[in-house]
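Reading through the C-alpha coordinates given below for one structure.
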Amino acid sequence: MKGAIFDLDGVIVDTAVYHYAAWKELAAALGFEFTEADNERLKGVSRMRSLEILLSVGNITASQEQKEVWAAEKNSRYLKLLENLNENSLLPGTKPFLQKLRADGVKIALGSASKNAPLILDNLGITDLFDAIVDGNAVSKAKPDPEVFLKGAELLNLDPADCVVFEDAQAGIEAARAAGCGIIAIDKNGILKEADRYVTCLGDLL
Ligand code: BG6
Ligand code: MG
(Lines give C-alpha, C1' and ligand atoms only; values in the text may rest on other atoms or scores of the structure.)
(Ligands and ions follow the chains in the order given, each with its own letter.)
Protein backbone atom coordinates (compact mmCIF):
# COMPACT_ATOMS: atom_id res chain seq x y z
CA MET A 1 0.00 0.00 0.00
CA LYS A 2 1.51 3.28 -1.17
CA GLY A 3 -1.74 5.20 -0.87
CA ALA A 4 -4.79 4.97 1.39
CA ILE A 5 -8.14 6.36 0.21
CA PHE A 6 -10.81 6.85 2.85
CA ASP A 7 -14.53 7.12 2.56
CA LEU A 8 -15.79 9.64 5.14
CA ASP A 9 -19.28 8.89 6.50
CA GLY A 10 -19.19 5.61 8.44
CA VAL A 11 -15.41 5.15 8.15
CA ILE A 12 -13.91 8.25 9.77
CA VAL A 13 -16.99 9.62 11.53
CA ASP A 14 -20.49 8.38 12.26
CA THR A 15 -22.52 11.05 10.49
CA ALA A 16 -25.17 8.49 9.45
CA VAL A 17 -27.14 9.34 12.61
CA TYR A 18 -27.26 13.01 11.60
CA HIS A 19 -28.14 12.23 7.98
CA TYR A 20 -30.93 10.00 9.31
CA ALA A 21 -32.29 12.61 11.73
CA ALA A 22 -32.40 15.22 8.96
CA TRP A 23 -34.03 12.90 6.40
CA LYS A 24 -36.55 11.64 8.98
CA GLU A 25 -37.62 15.21 9.71
CA LEU A 26 -38.16 15.90 6.01
CA ALA A 27 -40.21 12.70 5.66
CA ALA A 28 -42.31 13.68 8.70
CA ALA A 29 -42.94 17.12 7.15
CA LEU A 30 -44.10 15.33 3.99
CA GLY A 31 -46.39 13.09 6.05
CA PHE A 32 -44.74 9.67 6.16
CA GLU A 33 -42.37 7.68 8.34
CA PHE A 34 -38.80 6.99 7.31
CA THR A 35 -37.27 4.08 9.24
CA GLU A 36 -33.69 3.24 10.14
CA ALA A 37 -33.88 0.27 7.76
CA ASP A 38 -34.87 2.67 4.94
CA ASN A 39 -31.90 4.84 5.90
CA GLU A 40 -29.48 1.93 5.28
CA ARG A 41 -30.24 2.32 1.57
CA LEU A 42 -28.83 5.87 1.59
CA LYS A 43 -25.31 4.93 2.69
CA GLY A 44 -22.70 5.95 0.12
CA VAL A 45 -25.44 7.41 -2.09
CA SER A 46 -25.43 11.06 -3.30
CA ARG A 47 -27.74 13.66 -1.72
CA MET A 48 -30.14 13.84 -4.71
CA ARG A 49 -30.28 10.06 -5.15
CA SER A 50 -30.91 9.74 -1.39
CA LEU A 51 -33.85 12.13 -1.71
CA GLU A 52 -35.24 10.11 -4.62
CA ILE A 53 -35.05 6.90 -2.55
CA LEU A 54 -36.78 8.67 0.36
CA LEU A 55 -39.55 9.99 -1.90
CA SER A 56 -40.10 6.51 -3.34
CA VAL A 57 -40.61 5.21 0.24
CA GLY A 58 -43.29 7.90 0.71
CA ASN A 59 -44.77 7.25 -2.76
CA ILE A 60 -44.21 10.89 -3.69
CA THR A 61 -43.38 12.22 -7.13
CA ALA A 62 -42.08 15.76 -7.59
CA SER A 63 -40.54 18.12 -10.14
CA GLN A 64 -36.77 18.59 -10.28
CA GLU A 65 -37.27 22.11 -8.91
CA GLN A 66 -39.20 20.83 -5.89
CA LYS A 67 -36.56 18.15 -5.29
CA GLU A 68 -33.83 20.81 -5.22
CA VAL A 69 -35.81 22.70 -2.55
CA TRP A 70 -36.26 19.59 -0.37
CA ALA A 71 -32.61 18.54 -0.77
CA ALA A 72 -31.54 22.04 0.32
CA GLU A 73 -33.91 21.92 3.31
CA LYS A 74 -32.51 18.57 4.39
CA ASN A 75 -28.98 19.86 4.02
CA SER A 76 -29.59 22.91 6.20
CA ARG A 77 -30.99 20.66 8.95
CA TYR A 78 -27.96 18.37 8.53
CA LEU A 79 -25.55 21.33 8.71
CA LYS A 80 -27.13 22.42 12.01
CA LEU A 81 -26.54 18.92 13.42
CA LEU A 82 -22.94 18.93 12.15
CA GLU A 83 -22.22 21.82 14.52
CA ASN A 84 -22.06 19.11 17.23
CA LEU A 85 -19.03 17.48 15.56
CA ASN A 86 -15.59 17.75 17.12
CA GLU A 87 -12.49 15.59 17.54
CA ASN A 88 -14.41 13.29 19.93
CA SER A 89 -16.76 12.35 17.08
CA LEU A 90 -14.00 10.46 15.23
CA LEU A 91 -14.65 6.70 15.08
CA PRO A 92 -12.29 4.65 17.31
CA GLY A 93 -8.63 4.69 16.32
CA THR A 94 -9.08 6.98 13.31
CA LYS A 95 -6.58 9.68 14.16
CA PRO A 96 -3.80 7.34 15.40
CA PHE A 97 -4.28 5.18 12.29
CA LEU A 98 -3.97 8.19 9.95
CA GLN A 99 -0.91 9.37 11.87
CA LYS A 100 0.67 5.91 11.64
CA LEU A 101 0.14 5.80 7.87
CA ARG A 102 1.74 9.23 7.54
CA ALA A 103 4.70 8.15 9.65
CA ASP A 104 5.08 5.08 7.39
CA GLY A 105 5.16 7.30 4.28
CA VAL A 106 1.75 6.21 2.96
CA LYS A 107 -0.08 8.98 1.08
CA ILE A 108 -3.64 9.71 2.21
CA ALA A 109 -6.70 10.80 0.23
CA LEU A 110 -10.38 11.24 0.96
CA GLY A 111 -12.87 9.67 -1.49
CA SER A 112 -16.36 10.69 -0.40
CA ALA A 113 -19.75 11.32 -2.02
CA SER A 114 -20.41 14.12 0.46
CA LYS A 115 -20.40 17.75 -0.63
CA ASN A 116 -19.97 18.65 3.04
CA ALA A 117 -16.71 16.68 3.37
CA PRO A 118 -14.30 19.66 3.69
CA LEU A 119 -16.44 21.21 6.44
CA ILE A 120 -16.65 17.88 8.31
CA LEU A 121 -12.87 17.31 8.15
CA ASP A 122 -12.37 20.85 9.51
CA ASN A 123 -14.83 20.29 12.38
CA LEU A 124 -12.99 17.06 13.21
CA GLY A 125 -9.63 18.87 13.09
CA ILE A 126 -8.00 16.37 10.68
CA THR A 127 -7.85 18.24 7.34
CA ASP A 128 -4.05 18.51 7.52
CA LEU A 129 -3.68 14.71 7.63
CA PHE A 130 -4.92 14.45 4.02
CA ASP A 131 -2.72 14.88 0.92
CA ALA A 132 -5.75 15.03 -1.39
CA ILE A 133 -9.51 15.45 -1.08
CA VAL A 134 -12.05 14.14 -3.57
CA ASP A 135 -15.60 14.96 -2.44
CA GLY A 136 -19.11 15.12 -3.87
CA ASN A 137 -18.28 18.42 -5.59
CA ALA A 138 -15.38 16.86 -7.52
CA VAL A 139 -17.09 13.84 -9.07
CA SER A 140 -19.80 13.55 -11.68
CA LYS A 141 -20.47 9.81 -11.34
CA ALA A 142 -21.57 8.39 -8.01
CA LYS A 143 -20.30 5.13 -6.42
CA PRO A 144 -20.40 2.28 -7.57
CA ASP A 145 -18.70 4.13 -10.43
CA PRO A 146 -14.94 4.09 -9.73
CA GLU A 147 -14.44 7.81 -10.58
CA VAL A 148 -14.01 8.99 -6.97
CA PHE A 149 -11.21 6.49 -6.24
CA LEU A 150 -9.51 6.86 -9.63
CA LYS A 151 -9.36 10.62 -9.02
CA GLY A 152 -8.01 10.03 -5.51
CA ALA A 153 -5.19 7.81 -6.81
CA GLU A 154 -4.45 10.31 -9.57
CA LEU A 155 -4.19 13.23 -7.11
CA LEU A 156 -1.80 11.12 -5.03
CA ASN A 157 0.19 10.39 -8.22
CA LEU A 158 -0.22 6.67 -7.66
CA ASP A 159 -1.41 3.66 -9.59
CA PRO A 160 -4.86 2.61 -8.21
CA ALA A 161 -3.41 -0.91 -7.74
CA ASP A 162 -1.00 0.56 -5.16
CA CYS A 163 -3.89 2.09 -3.17
CA VAL A 164 -6.17 0.60 -0.55
CA VAL A 165 -9.72 1.91 -0.13
CA PHE A 166 -11.46 1.96 3.27
CA GLU A 167 -15.24 1.73 2.85
CA ASP A 168 -18.44 1.03 4.84
CA ALA A 169 -20.93 0.89 1.93
CA GLN A 170 -21.44 -1.90 -0.62
CA ALA A 171 -21.58 0.66 -3.46
CA GLY A 172 -18.19 1.96 -2.30
CA ILE A 173 -16.69 -1.55 -2.26
CA GLU A 174 -17.92 -2.09 -5.82
CA ALA A 175 -16.43 1.28 -6.85
CA ALA A 176 -13.07 0.39 -5.28
CA ARG A 177 -13.08 -3.02 -6.99
CA ALA A 178 -13.83 -1.39 -10.36
CA ALA A 179 -10.97 1.08 -9.76
CA GLY A 180 -8.57 -1.84 -9.16
CA CYS A 181 -7.74 -0.85 -5.55
CA GLY A 182 -7.37 -3.11 -2.52
CA ILE A 183 -10.38 -2.93 -0.18
CA ILE A 184 -10.77 -2.95 3.58
CA ALA A 185 -14.41 -2.94 4.69
CA ILE A 186 -15.50 -1.21 7.88
CA ASP A 187 -18.35 -3.51 8.76
CA LYS A 188 -19.82 -3.42 12.26
CA ASN A 189 -22.85 -5.55 11.38
CA GLY A 190 -21.31 -8.23 9.13
CA ILE A 191 -23.37 -7.23 6.10
CA LEU A 192 -20.72 -6.29 3.51
CA LYS A 193 -19.33 -8.53 0.75
CA GLU A 194 -16.43 -8.69 -1.70
CA ALA A 195 -13.80 -6.82 0.32
CA ASP A 196 -10.24 -8.13 0.89
CA ARG A 197 -10.44 -7.72 4.64
CA TYR A 198 -13.12 -6.82 7.22
CA VAL A 199 -12.73 -4.79 10.42
CA THR A 200 -15.17 -3.02 12.77
CA CYS A 201 -13.24 0.28 12.80
CA LEU A 202 -9.87 1.70 11.73
CA GLY A 203 -8.58 1.17 15.28
CA ASP A 204 -8.69 -2.62 14.63
CA LEU A 205 -5.81 -2.11 12.16
CA LEU A 206 -3.42 -0.52 14.65
C1 BG6 B 1 -22.15 9.84 1.73
C2 BG6 B 1 -23.18 9.30 2.72
O3 BG6 B 1 -20.87 9.81 2.29
O4 BG6 B 1 -22.47 11.19 1.39
C5 BG6 B 1 -24.57 9.44 2.15
O6 BG6 B 1 -22.89 7.92 2.98
C7 BG6 B 1 -24.82 10.89 1.77
O8 BG6 B 1 -25.51 8.98 3.09
C9 BG6 B 1 -23.75 11.36 0.79
O10 BG6 B 1 -26.11 11.02 1.17
C11 BG6 B 1 -23.91 12.83 0.37
O12 BG6 B 1 -23.69 13.65 1.48
P13 BG6 B 1 -23.92 15.22 1.50
O14 BG6 B 1 -23.16 15.66 2.73
O15 BG6 B 1 -23.32 15.80 0.25
O16 BG6 B 1 -25.38 15.46 1.57
MG1 MG C 1 -19.61 5.68 3.98
Give the accessible area for residue 87 in Å² (nearest 10); use a 1.4 Å probe, count only protein heavy atoms, and leave out ligands, DNA and RNA. 90
Note the angle between two axes, namely the Cα long axis of helix 16-29 and the longest principal axis of the Cα atoms of the chain, as a number of degrees from 0 to 90, rounded to the nearest 10. 10
Keeping all protein chains in place and using 1.4 angstrom, which order do 46, 76 fall into by accessible surface area, from largest down? 76, 46
Residue 81 versus residue 159, label points 7 Å from Cα toward the beta carbon: distance in nm? 4.2
Could you grab the Rg to Rh ratio for region 1-154? Cα atoms only, Kirkwood for Rh. 1.00
Gain in length, residue 206 to residue 68, computed as 0.36 nm per residue apart minus the alpha-carbon separation, to one decimal in nm? 45.5 nm
May I ask you to rank 70, 23 by accessible area, largest first, using a 1.4 Å probe over the protein chains only? 70, 23
Got a number for the accessible area of residue 42? Probe 1.4 Å, square angstrom, nearest 10. 20
Which whole-number value in Å² is the accessible area per residue of the chain, probe 1.4 Å? 47
So for the pair residue 191, residue 99, with labels modelled 7 Å out along Cα→Cβ, what separation do we get in nm? 3.3
What is the percent carbon and sulfur in the accessible area of the chain, measuring with a 1.4 Å probe over the protein chains and ignoring ligands? 49
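Hey, how much of the P(r) for region 81-206 falls beyond 24 Å, as a percent of Cα pairs? Mind showing how you got there, number by number?
Numbers: 1828 of 7875 pairs.
Of all Cα-Cα distances in region 81-206, 23 percent exceed 24 Å.
Normalised by the residues of the chain, what does the relative contact order come to in percent, with Cα pairs under 8 Å and at least six apart?
Values: 358 pairs, mean separation 54.9, N = 206.
The normalised contact order for the chain reaches 27 percent.
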Non-local residues with an amide H under 5 Å from the amide H of residue 4, with H modelled 1.01 Å from N and Pro and chain starts lacking one, are 107, 108, 109, 164
Through the Karplus equation 6.51 cos²θ - 1.76 cosθ + 1.60, θ set to phi - 60°, convert the phi angles of region 127-142 into ³J(HN,Hα) values in whole Hz; use x for Gly and Pro. 3, 6, 8, 9, 7, 8, 10, 10, 10, x, 7, 9, 10, 9, 10, 6
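Taking 26 Å as the cut-off for C-alpha to C-alpha distance, list the pairs among 100/188; 2/151; 43/193; 100/143; 2/193; 143/188 that go past it.
On the way: 100/188 23 Å; 2/151 15 Å; 43/193 15 Å; 100/143 28 Å; 2/193 24 Å; 143/188 21 Å.
Checking Cα-Cα distances, 100/143 exceed 26 Å.
The values are calculated or read from the model by the stated rules, or taken from the named source; none is laboratory data. Computed from a predicted model, the values in this text were never measured in an experiment. So basically every Cβ, Gly included, is an ideal-geometry build from the backbone, and we count neighbours across all protein chains shown. Keep in mind that these areas ignore ligands, DNA and RNA; they rest on the heavy atoms of the full protein, side chains included. Shrake-Rupley method; radii C 1.70, N 1.55, O 1.52, S 1.80 Å.
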